[in-house]
Structures are given as C-alpha cells and as structure tokens.
1. Note down all Cβ pairs under 6 Å where the first residue falls in the stretch A:1-28 and is more than 7 Å from chain B (Cβ to nearest Cβ), the second is assigned to a loop (DSSP other than H, G, I, E, B), and they're at least six residues apart or on different chains.
2. Hey, could you check the stretch B:118-141 for residues that are open to solvent by 10 Å² or more (accessible area, probe 1.4 Å) and not hydroxyl-bearing (Ser, Thr, Tyr) and say which is farthest from A:Pro54 (Cα to Cα)?
3. With the requirement that a residue be more than 11 Å from every other protein chain (Cβ to nearest Cβ) and away from ligand 2 (no atom under 13 Å from the Cβ), what does the stretch B:177-189 give you?
4. Go through the residues of the stretch B:40-51 one by one and say whether even a single one is away from ligand 1 (no atom under 16 Å from the Cβ) and on the phi < 0 side of the Ramachandran plot.
5. Here's a check for you: in the stretch B:33-54, which residue that is under 30 Å from A:Gly48 (Cα atoms) and open to solvent by 10 Å² or more (accessible area, probe 1.4 Å) is farthest from ligand 3 (Cβ to nearest atom)?
6. Please go through the stretch B:55-72 and give me each residue that is open to solvent by 20 Å² or more (accessible area, probe 1.4 Å) and β-branched (Val, Ile, Thr), ordered by number.
7. Restricting attention to the stretch A:30-39, and to residues there that are closer than 16 Å to B:Asp179 by Cβ and surrounded by fewer than 17 Cβ atoms within 10 Å (Cβ to Cβ), which single residue is nearest to the other protein chains (Cβ to nearest Cβ)?
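The values are calculated or read from the model by the stated rules, or taken from the named source; none is laboratory data. These numbers come from a predicted model, not from an experiment. Note that we place each Cβ from the backbone using ideal geometry, even for glycine, and neighbour counts take in every protein chain shown. Keep in mind that these areas ignore ligands, DNA and RNA; they rest on the heavy atoms of the full protein, side chains included. Shrake-Rupley method; radii C 1.70, N 1.55, O 1.52, S 1.80 Å.
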Amino acid sequence: MDPYTAGTPRPQVDADALRARIPGWGADLDAADRPSVPRESFDPGASGAHWEVPTQQPGGEERERSIEHRQLTPVFGTVAPLAGLAGRIRRTAYRRYSEGRLAHWLLLMAADRVEVLQSRLPGAR
Amino acid sequence: MKAMVYRGPYRIEVEEKPMPRIEHPNDAIVRVTLAAICGSDLHLYHGMMPDTRVGTTFGHEFIGVVEQVGPSVERLKVGDRVMVPFNVYCGSCYFCARGLYSNCHNVNPNATAIGGIYGYSHTCGGYDGGQAEYVRVPFADVGPQVIPDWMSDEDAVLLTDALPTGYFGAQLGSIDEGDTVAVFGAGPIGLYAARCAWLMGAGRVIVIDRLDCRLERAREFAFAETYNYEQVRDIVVTLKKATDWLGADVAIDAVGAEADGNRLQHFTATKLKLQGGSPVALNWAIDSVRKGGTVAVLGAYGPVFSAVKFGDAMNKGLTLRMNQCPVKRQWPRLFEHLQAGRLAPSEIVTHTVPLEYIADGYDMFSAKRDGCIKTLVRP
Ligand SMILES: NC(=O)c1ccc[n+]([C@@H]2O[C@H](COP(=O)([O-])OP(=O)(O)OC[C@H]3O[C@@H](n4cnc5c(N)ncnc54)[C@H](O)[C@@H]3O)[C@@H](O)[C@H]2O)c1
Ligand SMILES: [Zn+2]
Ligand SMILES: [Zn+2]
C-alpha cells in the first residue's frame, strides 16, 4: 500500500530529455509568450478597425434579431431571409423569447424541421 | 458560382448560387482557393444547431484571393492572397477592444451569446461560408491577413481555425511546467491541443479517443500516451490509476456535442435533441482531473442546456475555462512556431476533395471512414 502523502508523487521533469524528444518543448513556458494571456487586454488599436462605430449595413428593416440586443447589429448575414411557414415560426421565436428561454430554441428547431419537410414537397424547388 | 448547399440533415449538394455582393463599405469578396471541413461542420450536418437554414453554405475555414473590395477597405487590395479567421468580428466593440474577437457584439443580430462565424447557421449571424467559389468577408480591414510568402496553402487554411483552436485550448489549461495534461478527442482539435501542451511545458500528455488510427496519430504527431476508452472498463478509473490516483492537472474537452461513450447522453442529445449536446467527454474531464485542477473546453455545444456534472466540478474546486477561439490573436506567435519548425500543421491532413465531391467528404468525415482526420476542399 502506498499512502497518500503531501509531496508530489510525480517524477521531476527532465527538461533536456523532453526538449530532445519534442520539437519546441517549453517554448511557451513563460506566460508572457502566450498570446491569450491575460484573457482580456484593452487595446482598441490592435484590431485594425479604423472606426469607433461601424457604418450601418443597409437593408435590415425586416431582419430578425434577438431581443437581448438593443438594436440590429451594424453588420449581419443576409442569406436565406425569413420566408414561408418556417419563417413565421422563426419570427415568433425571435420576437417573443430571449435566448434564455427554452421556447426560443424549441421553436427554432421546429422551424428547421418544417423547412426541410417543405423543401422536399414536389415542386418546392 | 458553385457552392456547397445545405438541404437538411445529412443532405448537402453542390449547386449554382448567385455571386456574393459587397453589402457594407468594409466588405471584401474573396475567391476561395482552399477550404476545409471542421468537426464543427458535423454538428450542422447532423442537424444539431438551431436555425440552420436550407439553402445556406457552410465553411468557416478558408483562404483565397481578394476579388473585390468595398469603398472603405484600406488594408487589402484586389489580388491579395489572404487567410481569413473563422470569426466574423468588427474590431471596435467592447469585446473586440479587449481581444475577445470570438465574442464580438456587432456582427450577430440573432444571438448575443455567440459572435459571428462564417457558414455556421443563423444562430451565428446568418453568413454564408467558404465551401464555395466565392464568399463575402465583412470587416476586411480587421479579420483577413495577407498570407506570408513562406507559408503553404495547406498550413494557411489550417491556421484559420484548427491549429489556433488547439493552441488556444492548451493556453486555457494554464499549464505549468511538468503538468500532466489529458486531452479528450483525437480529432484535429485534440491532436493540435495535445501537441501544443508540450510547448507550454507539459510533463505528460495523454490522449483519449475510440478510433485507433487517430490514437496512432496522437502518439506520432503529438508524442502522447493514448487510451482507447472502448477498450477499458472505466476510463475515469484508468486515468486515475495512470496519474498516481490524483488525476491529471489539466483536462481538455476536444470532443463537444456529439460525444460517444454513454448511450443515454448520446441518444438524448443527438437523436432526441433534449439537450444542447452530449457532455460525456466533458464529464470525463471533470471526473478525471485532479481536485483544484483546470478543465478547458474547446468542444462546441448547442445553446440548450446539457447534463454536465456540475456538482463534481464544484466539490473538486475546478477552474473551468472555455471559448470559441479568437483566431487572429494567436497568429503572430503561431507564425513564429511554424517558421522555427516547432509545428507543421499540415501533417494531419489525410484527404483533399474537389468541391464537386464535398458531399462524399462530409460523409467520410462524419463516419470517420478511410482513416479520415482532416479533409481539405478545393473549389
Ligand atoms: N472552441 C473553438 O473555437 C472550436 C473550433 C473548432 C472546433 N471546435 C469543436 O471542437 C470539437 C472537435 O473538433 P474536431 O474537428 O477535432 O472534430 P472530430 O469530430 O474530428 O473529432 C472528435 C473526436 O472525438 C472522439 N470522441 C467521441 N466521443 C468521445 C469521448 N467520449 N471521449 C473521447 N473522445 C471522443 C471522436 O472519436 C473523434 O475522434 C468539435 O466539437 C468542434 O465543434 C471548437
Ligand atoms: Zn472549425
Ligand atoms: Zn466587435
């Protein structure tokens, strides 16, 4: 029986052996070399954005959005806009329920199935 | 133009679609020269992601040539060869200003809990993806970058998601010198996470999967010890035994929503859709990491709740860290690793299919046939 003790039962690492076996072992040992450490670092100039607020993309009048957003985002995808029965279900999901509500997601999943069935009806395409 | 088009779960086709247009002054249109299929695409292909609309094009891993730029684009010009991070992001919101590019608040009207992702359902903003001849790239001055001359197309496309994500996962583990790191999943993400754990000074790296050919890659590419969870009675006990009965210091979930290994979890998540994902690998990570240890989650889960063993995580005093990867933040350091020969991401590419046959590519990757690990797509 090996009792549980305070010391580490792990063998000391042999850094030289690891370096010889694994290309780059330990290259990012120092957290300063890890690009996502610390997680947040405030540097608004770093991204390449040359605007404080992006210009609004036009054409979003009918665009559905989460009610957890204050307004439509400045940029948005425009493929497959809401249409047909699936579109009506999706609109209800977005208008009535936040992302925090199960009903939001259940309606969206129901709409996905409805849309697939409809698209397979003869003459649908 | 030709594009992959979603027609319903397990049904994708290649169809003629209208060319994408400049819709915002900072948009660019990119002619795709190489794309890839990701494990995340399988969640869409299997119908796991709410608001995946018929007629949309997937693909968030792609590189190409700038074909057209909007009037406010300053950093790119027509003809530039560019790599595009999978994140769509504005660069100027509260989150982008702090480096949280994957959590941008200005690009996804459909949800606040996730940023924008190319070709990843309306829940991620409703953008078409790059498994196509052409793609719209918003915020061309922020995301894309000219590919350095020394970098191959294969490496560049793997740097748009898979490699940075694996590397990011190792960072989320806050690995200290000598740590034992357990990685669940030996897909591209798990293989890269395992390999990158060494860069941060891991003392041991253990990879768990059920596919022997992938475990073989984990031994060769990622220098890892491996366990096939189907060939042991209880993977958690096996890992405890292998780690002096303490558990690993760090565990990484590189599996996500469709994890196998528990029939009830798998069935309720993937067939009945009663949970956002099957957290089998995540629960194994929680149970096999040591008390006070860190669990890093790279695996993607849907927006509905999942049956995670939160009580164990709490009682063990674990730190749980996770995110979609902010890809471009990883690039400068990863470029150095590639140039120094410390990482060669294209070593795990097993297949390249022409866009016309992309349905076969999905089918093969989904069924994990033919030793498939990473599949590239050539338009
Ligand atoms: N966080 C991010 O930014 C990000 C980026 C890309 C991918 N992802 C996610 O990472 C995950 C992996 O992606 P991938 O491309 O490597 O996918 P993949 O499908 O190729 O790999 C998943 C692997 O997990 C294995 N697996 C299944 N159940 C398991 C279990 N219980 N324990 C251990 N292994 C198990 C499978 O056999 C497979 O080899 C996906 O969920 C994907 O959505 C996240
Ligand atoms: Zn991906
Ligand atoms: Zn932003």
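1. Close Cβ pairs satisfying both conditions: A:Leu18/A:Trp25; A:Arg19/A:Trp25.
2. It comes out as B:Glu133.
3. Within the stretch B:177-189, B:Val181, B:Ala182, B:Val183, B:Phe184, B:Gly185, B:Ala186 meet the criteria.
4. no
5. Result: B:Thr33.
6. Selection gives B:Val65, B:Val69.
7. A:Val37
Rundown of residues vs (1) open to solvent by 10 Å² or more (accessible area, probe 1.4 Å); (2) more than 16 Å from ligand 3 (Cβ to nearest atom); (3) within 27 Å of A:Ala31 (Cα to Cα), yes/no style:
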{"site": "B:Gly190", "(1), (2), (3)": "no, yes, yes"}
{"site": "B:Arg210", "(1), (2), (3)": "yes, yes, no"}
{"site": "B:Phe221", "(1), (2), (3)": "no, yes, yes"}
{"site": "B:Val236", "(1), (2), (3)": "yes, yes, no"}
{"site": "B:Asp253", "(1), (2), (3)": "no, yes, yes"}
{"site": "B:Ala259", "(1), (2), (3)": "no, yes, no"}
{"site": "B:Gly276", "(1), (2), (3)": "no, yes, no"}
